[in-house]
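Okay, so here's the structure we're looking at.
The values are calculated or read from the model by the stated rules, or taken from the named source; none is laboratory data. Since this is a predicted model, take the numbers as computed values, not measurements. No Cβ is skipped: glycine too gets one built from the backbone with ideal geometry, and neighbour counts run over all protein chains shown.
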Amino acid sequence: METGTPEFARKPKPGLLHALPAPGQAGRGTQAPGEGFALTIAARECAKLKFEHEHDRHDVTLGVALVAAKRASLIGRGPQLGDVQAALNLFGMRDVALVDDRLSQPFRGLAHSYVLQRRLVDAVDGDELVATPAHALQ
């Protein structure tokens, strides 16, 4: 879509002239459209889980949403239910009766630290995440 002619003496907007390069360094993440929707889906799915300590729910929900958003961005689309289910499968939480200390340990303090969030997402292998078998998402 072309933009109109800029007003006299006004510089053109740099973002409209060319695409910005995608960041590729660790800790930078990958962007996908509507990544925030992963948090909504993760909250719905994590509401179905029982936690040994209820205060772990927020950290786990955020961690699952971040990994689901990573999966969606690697595929090149917005997050869907299958992305959240793949993240739950990756952490072994999809078919458990109770999320105990052992399962919630990697998520401790995640909701309050951007550094921990990036560390968790960067630790997840993108190839393994994308190559989730189809039967695991049903």
(request) Select from segment 90-106 the residues that are within 14 Å of the chain's Cα centre (by Cα) and either modelled with pLDDT of 95 or more or more than 13 Å from residue 61 (Cβ to Cβ) (or both) and list them in ascending order. (result) 90
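Is there a residue being free of Cβ contacts under 8 Å to residues at least 24 places away in the same chain and either part of a helix (DSSP H, G or I) or surrounded by fewer than 16 Cβ atoms within 10 Å (Cβ to Cβ) (or both) anywhere in segment 73-89? Can you show your working first?
Taking segment 73-89 first, the residues free of Cβ contacts under 8 Å to residues at least 24 places away in the same chain are none.
Checked against the condition, which is being free of Cβ contacts under 8 Å to residues at least 24 places away in the same chain and either part of a helix (DSSP H, G or I) or surrounded by fewer than 16 Cβ atoms within 10 Å (Cβ to Cβ) (or both), segment 73-89 yields no hits at all.
Among the residues of segment 69-85, write down those that are among the aliphatic types (A, V, I, L, M) and either modelled with pLDDT of 95 or more or closer than 16 Å to residue 47 by Cα (or both). Working first, answer last.
If we filter segment 69-85 for residues that are among the aliphatic types (A, V, I, L, M), which is where we start, we get 69, 72, 74-75, 81, 84.
Residues satisfying the conditions are 81, 84.
If you go through segment 93-110 one residue at a time, how many are surrounded by 17 or more Cβ atoms within 10 Å (Cβ to Cβ) and of a type in the set (A, V, I, L, M)?
To start, the set of residues in segment 93-110 that are surrounded by 17 or more Cβ atoms within 10 Å (Cβ to Cβ) comprises 93-94, 99, 103-104, 107, 110.
So of that shortlist, the ones also of a type in the set (A, V, I, L, M) come out as 93, 99, 103, 110.
Qualifying residue count, segment 93-110: 4.
Do you know which residues across segment 70-124 are of a type in the set (Asp, Glu) and more than 16 Å from residue 38 (Cβ to Cβ)?
Going through segment 70-124, the residues of a type in the set (Asp, Glu) turn out to be 83, 95, 100-101, 122.
Scanning segment 70-124 gives 95, 100, 101, 122.
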(request) Find the residue count for segment 98-125, including only residues that are closer than 20 Å to residue 54 by Cα, part of a loop (DSSP other than H, G, I, E, B) and out of contact with any Lys or Arg (no Cβ under 7 Å at 6 or more places or on another chain). (result) 4
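Those residues that are of a type in the set (Gly, Ala, Ser) and modelled with pLDDT under 90, I need them from segment 107-138; list them, please.
Scanning segment 107-138 gives 126, 131, 134, 136.
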